[in-house]
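Enquirer: Shown below is the structure under consideration.
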Amino acid sequence: VQLQASGGGLVQAGGYLRLSCTISGRAFSSYALAWFRQAPGKERDFVAAIKWSGTSTYYADSVKGRFTISRDNAKNTVYLQMDSLKPEDTAVYYCAAVAGFNRPPRAPSAYDYWGQGTLVTVSS
């Protein structure tokens with residue numbers, strides 16, 4: 001299983017970006033998918049996750065109401081729509097996948113597969 005993230009860039013505060021993560025490999029629809037982020041000098045933090053079925057989504061409190069995670073199983077792709085961006089959202093964003101959980105975990109260590117990361121920079 002390989003994950004390829006894209007869509008990062010430089011945006012002003014209040015702006016928006018949409019990240020995409022395309023997953024290759026079999027049984028995409030059976031994986032829970034998540035986005036994490038890591039700012040310089042900080043740990044990798046949970047941002048959002050979506051169940052394998054797409055019926056439930058989960059968010060960190062810091063992004064709730066501003067970010068939306070979604071998936072298109074026909075395209076083997078997970079998205080993260082980021083609105084009302086703030087300078088504190090600046091980080092490298094990673095997509096991740098794991099099988100075998102009904103509810104996606106929030107711990108990075110639980111995930112088996114990772115994308116390479118895409119940098120999001122929000123200027124004030």
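Enquirer: Please enumerate, by chain and number, the aspartates and glutamates with C-alpha under 16 Å from the C-alpha of LYS42, excluding those fewer than 8 residues away in the same chain.
Expert: GLU88, ASP89
Enquirer: For the stretch 85-121, list residues with backbone N below 19 Å from a point placed 7 Å from the Cα of LYS42 toward its Cβ?
Expert: Residues 85-96, 106-109, 117-121 qualify, since their backbone N sits under 19 Å from the label point.
Enquirer: Placing +1 on the Cβ of each Lys and Arg and -1 on the Cβ of each Asp and Glu in the stretch 1-93, which of ILE23, THR57, THR90 has its Cα farthest towards the positive end of the resulting dipole?
Expert: Positive-end residue among those listed: ILE23.
Enquirer: Listed highest first by mean packing, meaning other Cβ atoms within 10 Å per residue, what order do 51-58, 102-109, 86-93 come in?
Expert: Final packing ranking: 86-93, 51-58, 102-109.
Enquirer: Each residue of the stretch 24-30 in turn: what ³J(HN,Hα) in whole Hz from Karplus with 6.51, -1.76, 1.60 and θ = phi - 60°, glycine and Pro shown as x?
Expert: Karplus-based 3J(HN,Hα) across the stretch 24-30 equals 9, x, 7, 6, 3, 5, 8 Hz.
Enquirer: Now for a different question. Placing +1 at every Lys and Arg Cβ and -1 at every Asp and Glu Cβ, with all other atoms neutral, what dipole size does the stretch 52-120 have around its Cα centre, in debye to the nearest 20?
Expert: The dipole magnitude comes to about 140 debye.
Enquirer: How large is the charge dipole for the chain, taken about the Cα centre, if only the Cβ atoms of Lys, Arg (+1) and Asp, Glu (-1) carry charge, to the nearest 20 debye?
Expert: Charge dipole of the chain: 220 debye, to the nearest 20.
Enquirer: Specify, per residue and in Å³, the volume enclosed by the convex hull of the alpha carbon atoms belonging to the chain.
Expert: Considering the Cα atoms of the chain, their hull volume per residue is 90 Å³.
Enquirer: Can you run the Rg to Rh ratio on the stretch 39-85? Use alpha carbon positions and the Kirkwood inverse-distance Rh.
Expert: Value, to two decimals: 1.01.
Enquirer: What per residue convex hull volume, in Å³, do the alpha-carbon atoms of the stretch 64-124 yield?
Expert: 116 Å³
Enquirer: Which order do the peptides 21-34, 62-75 take when ranked by the mean count of other beta-carbon atoms within 10 Å per residue, highest first?
Expert: 21-34, 62-75
Bear in mind these aren't lab numbers, they're just calculated from the coordinates by the rules spelled out. Everything numeric in this text was worked out from a predicted model, so none of it was measured. Glycine gets a Cβ as well: all are built from the backbone with ideal geometry, and neighbour counts include every protein chain shown.
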